[in-house]
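Below you'll find the structure, written out as structure tokens, and then a few comments.
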Amino acid sequence: MPSKTPQLQPIVPGYKLRILSDEQLAQFKAATLEILAEVGVHCPSEVALHIYADHGGQVDFEGQVVKLPPDVVLDAVSHAPRFYTMGARSAAFDLKLDGTATYCATDGCGTETIDFETRERRLPRKDDVAKMARVADYLSSIGFYWPIVTAHDFGAVAPLHELDASFNNTVKHVQSETVMDETTARYAVEMAKVVAGNDSTVRQRPPLSLLVCCIAPLGLDKGGMEAALVFAEAGLPVGFMSMANTGSTAPATIAGTVALADAEIVAAMVLIQMACPGAPTFHSLMPGIMHPRTGGYLSLAWEAELPYPVGVELAHMWGVPTLGAVFGPDAEAPGWESAKACASNLLMCALCGADTASGMGLLQGCTVLYPEELALDTDIYHQTRINAAGLDTSRGELALDVIKEVGPRGHFLSHRHTRKKVRQRQFSDITRQIGPDGSIRDPIEVAREKTDWILDNHHPQPLAGEQRAELDRILQAADRKLGH
């Protein structure tokens, strides 16, 4: 039987954090404009190159490099909307990106998973995408769902099967980061229309959005950009992420890495606004730092946190929403390391005004799913949500009348005010849980039990029969064209 999806609890900050001064924002803006005008970006898509050329870009078709004059950049991004709605299958879970709240998502496209039952490490399957969609649907911390792992059992059509598993198992908004070519994008748009019901709803309350990664340094992916153009034409939000790596695919300074990464993202957003003025776009800055001994990507080194909230401020400087980087630590397994790496980063991004953020549920540099990690991350999320809300200092909360009633050397435990307010307190259902023998239970064990309980008991409202049949038809057509 279907069960009701719990209400969302987004982070609604009661106070703000500012990292960059107006002067620093101007310096970054000038740096991005200089990079785009004098260095440019590489873009191997003929479709994209012609759009750039037709709208004022200086295009070297042979070298596939585009240079963008400042006036061209500024005019294009001026058409991008700052606020819009990311719709959901159920209107109660529409995300209104109006600058007042931060909505978080799971992480996505993990390449391995810890098996739900055997606890062995293996390749993920479509069923894993579906199971975690149900878990995400239940958790009030999750505003929208990235297919958290890849559907390895479906080969070239895996991105579409990931969407099918998601749409069938959550009523929340779905965002893909694996639809990376024009043909797959057209099938994905068809699926979104089936879920939305009609073209008008797709544009007003889009149930699907797309995230495309740039290729550092200063490269745009052919398939990704052509997929983004298909989504934008249909009215579905598209965003661009840079994961430039300090010292390898970006300069060996944090500011240099941010400037280069911002230029990549802005170049991609400019293309979308040239092709579809007013199309909903978003900005996502998620750089890393090169490990000096291995050359590997460190997502949360000591110096790596600051660029994420800085990316939030740059997105708003350009007049678009942001997808902030939260969670996704390098830890090998659930534990103190992953918790430490995530709490401050989530808080900073939220206080800087991140509209959306992603990264919950994966470890080992966003590659491995531990099913219980999403419940553990949710615990951190709610602590951050409460801290970000600030303090209510109204007369009732100051409890002055109660203090007067109790007086010196009195006791508050038996007062009716205490009974009422203690019932309103919010406590973790993961940490500090008491076992049958009176000892404190291992939070990881509790999180596993919670995940199992959700899978056993929570079944979101299913798609209508005709919608499921139409999605099956689209998948069969894609299987025939793209090959399973």
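A straight chain from Gln204 to Asn457 at 0.36 nm per residue would run longer than the Cα-Cα distance by 87.8 nm. If R0 equals 60 Å, the separation of the Cβ atoms of Arg119 and Ser414 corresponds to a calculated FRET efficiency of about 0.80.
Each of Leu74 and Glu449 was given a label point 7 Å from its Cα along the Cα-to-Cβ line. The distance between the two points is 6.1 nm. Modelled spin-label separation between Leu306 and Glu46, with each label point placed 7 Å from Cα along the Cα-to-Cβ direction: 4.6 nm. Dipole check for the chain: with +1 at the C-beta of Lys and Arg, -1 at the C-beta of Asp and Glu, and the Cα centre as origin, the magnitude is about 2000 Debye.
By the gyration tensor of its Cα atoms, with a ≥ b ≥ c the square roots of the eigenvalues, what is the shape of segment 40-82: rounded for a/c under 1.5, prolate for a/b over b/c, or oblate? Prolate, since a/c reaches 1.5 and a/b exceeds b/c.
The longest part of the chain holding none of the exposed loop chymotrypsin sites (Phe, Trp or Tyr not before Pro), meaning those outside H, G, I, E and B in DSSP with at most 14 other Cβ atoms within 10 Å, is 84-301. May I ask you to derive the relative contact order of the chain, considering only C-alpha pairs under 8 Å and at least 6 residues apart, and to give it as an integer percent? Taking the mean separation of contacting Cα pairs over the length of the chain, I get 20 percent. Computed from the Cβ-Cβ distance with R0 of 30 Å, the FRET efficiency linking Tyr15 to Leu400 stands at 0.80. Each part gets one Cα centre, and for segment 177-221 versus segment 417-454 those centres are 39 Å apart.
Each residue, Lys96 and Thr393, gets one label point 7 Å from its Cα in the Cβ direction; the gap between the two is 2.9 nm. Work out the FRET efficiency for Ala252 and Arg82 from their Cβ-Cβ distance, taking R0 = 35 Å, and round it to the nearest 0.05. Once rounded, the FRET efficiency stands at 0.55.
Here, each number is a calculation from the coordinates, and none is a lab measurement. Bear in mind that the values here come from a model prediction, so they are computed numbers and not experimental data. FYI the Cβ positions are ideal-geometry reconstructions off the backbone, even for glycines, and counts take in every protein chain you see.
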